[in-house]
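The values are calculated or read from the model by the stated rules, or taken from the named source; none is laboratory data. Computed from a predicted structure; not experimentally measured. Because the Cβ atoms are built from the backbone with ideal geometry, glycine has one as well, and the counts that use them run over all protein chains shown.
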Ligand code: HEM
């Protein structure tokens, strides 16, 4: 079995490849081109994600052979591991859970206003762009999807929005460096960007820690420093900086990708788009079905710590495994007619878009608010928005993050008859 994650099919319709795997019954398959074990099937994927004893979370392990200059730059990255295996993970995860709102009620209380304000600002900006010339195609990825979650993360962490452009430039291509395919120049620039972002996070945390002795800085950085309370046994200062870096990166690209998928599903159907403008419950179930049908992270890497017998197949110790979250979410044994986008479908709570077990996404509640709000705000502000004619879907090459390269949209021409804007015909 060859996944060919950088090929045309995976780059436009990864579900076709998941279907092939599931239909063949090969729920554990070895890809000899990638030297990677592919785990499909809902039950296996869930159990591997949750099995922290036999399946380790890899440190920064790029999928491709890096250019020597990019590899050398990465060796200078002295950020300590924080998303790691037990027992370290228990300590860093406790810090995240202590400061992060992980229930929907708490996340709404803390962040709904910030999220709405950013969504409305960007929607206004988008509306102006669309109005500026008669029939422009706007790229929703550039103008909305990728900016919105980054602004939100900066607000949540307590980082000034003035820093947005340089942070975006540094963090761009981070996941492409580890999970995608970049040419030599882009690899070198992505590695430099990552190093610059790490320096920024480290300096910022050290600065805030100095201030923190007399006054608590706002946002999650202040909350993490309060949690640390100067005690290295709880959390060291470099670990605090590494958590800030992780939250910035994890909270940005995956949410940007998810907003793109949710918008595409909404814009493909005029009735859905109209309903999103008026029905918040629908926006929530639309979001949930997007997370199942088109997971923003559809593959997650693990490395076996020991020989593992998985569903009758022996995976040797030290093997790289790709848990295909997308295939799990399309397993027909769990989800009826999995290829159909069906908001409100049965067993939706079993979708694995946010992972499972000890590494379950801490940002899930925030991400749900972001996606739902983005849909409602854009559908209300731009009711006539539609995908550009001849739109051809394509994703950035990656084994993990499924992000549109672009999402060109325009304003639909209103048909006066269909919309009933002509005066009624006089009755005889
Ligand atoms: C729709 C958007 C998002 C998706 C699809 C997503 C998906 C995931 C997945 C699949 C995992 C599990 C990784 C694994 O098992 O190794 C994860 C973990 C994580 N996510 Fe998210 N995520 C999203 C948004 C966010 C946001 C907004 C934040 C933070 C602000 C965040 C922070 C994290 C962190 C820190 C972890 C690691 C947790 C741990 O290992 O203890 N994510 N996410």
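Please verify whether the stretch 230-237 includes one or more residues that are part of a helix (DSSP H, G or I), out of contact with any strand residue (DSSP E or B) (no Cβ under 9 Å at 6 or more places or on another chain) and crowded, with 18+ Cβ neighbours inside 10 Å.
Restricting attention to the stretch 230-237, the residues satisfying the condition of being part of a helix (DSSP H, G or I) are 237.
The next check asks that each one be out of contact with any strand residue (DSSP E or B) (no Cβ under 9 Å at 6 or more places or on another chain); those that pass are 237.
Next cut, crowded, with 18+ Cβ neighbours inside 10 Å only: none.
No, the stretch 230-237 has no match at all.
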*Only one residue in 207, 157 is at pLDDT 90 or above, farther than 15 Å from residue 253 by Cβ and within 19 Å of the chain's Cα centre (by Cα). Which one?*
157
_Matching entry among 94, 119 (being more than 21 Å from the chain's Cα centre (by Cα) and within 16 Å of the ligand (Cβ to nearest atom))_ = 94
*Tally the residues that are modelled with pLDDT of 90 or more and touching a strand residue (DSSP E or B) at 6+ places or on another chain (Cβ under 8 Å), restricting the search to the stretch 121-154.*
6
*Can you tell me which of 327, 379, 365 is more than 16 Å from the ligand (Cβ to nearest atom), modelled with pLDDT of 95 or more, outside any loop (DSSP other than H, G, I, E, B) and surrounded by 14 or more Cβ atoms within 10 Å (Cβ to Cβ)?*
379
*State which residue is farthest from the ligand (Cβ to nearest atom) when the search covers only the stretch 310-324 and only residues that are touching a helix residue (DSSP H, G or I) at 6+ places or on another chain (Cβ under 8 Å) and assigned to a strand (DSSP E or B).*
310
*Within the stretch 55-70, which residues are surrounded by fewer than 18 Cβ atoms within 10 Å (Cβ to Cβ), more than 22 Å from the chain's Cα centre (by Cα) and in contact (Cβ under 8 Å) with a residue 24 or more places away in the chain?*
67, 69
*Filter the stretch 254-309 down to residues that are within 12 Å of the ligand (Cβ to nearest atom) and assigned to a strand (DSSP E or B) and give me whichever is surrounded by the most Cβ atoms within 10 Å (Cβ to Cβ).*
297
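Listed here are the residues, each with its yes/no results for (1) part of a helix (DSSP H, G or I); (2) touching a helix residue (DSSP H, G or I) at 6+ places or on another chain (Cβ under 7 Å); (3) within 10 Å of the ligand (Cβ to nearest atom).
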site: 66; (1), (2), (3): no, yes, no
site: 86; (1), (2), (3): no, no, no
site: 89; (1), (2), (3): yes, yes, yes
site: 98; (1), (2), (3): yes, yes, no
site: 105; (1), (2), (3): yes, no, no
site: 110; (1), (2), (3): yes, no, no
site: 114; (1), (2), (3): yes, yes, no
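In the stretch 34-77, how many are under 25 Å from residue 352 (Cβ atoms) and at pLDDT 90 or above?
Going through the stretch 34-77, the residues under 25 Å from residue 352 (Cβ atoms) turn out to be 34-63.
Within this subset, residues satisfying the condition of being at pLDDT 90 or above are 34-57.
Adding up the residues that qualify gives 24.
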*Write out, first by first residue and then by second, each pair whose Cβ atoms fall under 6 Å of each other, whose residues are 6+ apart or on separate chains, and whose first residue, in the stretch 136-158, is in a strand (DSSP E or B) while the second is more than 13 Å from the ligand (Cβ to nearest atom).*
138/129; 138/130; 138/409; 139/406; 139/408
_Unmet requirement for residue 168, which otherwise passes all of (1) farther than 30 Å from residue 387 by Cβ; (2) touching a helix residue (DSSP H, G or I) at 6+ places or on another chain (Cβ under 9 Å)_ = (1)
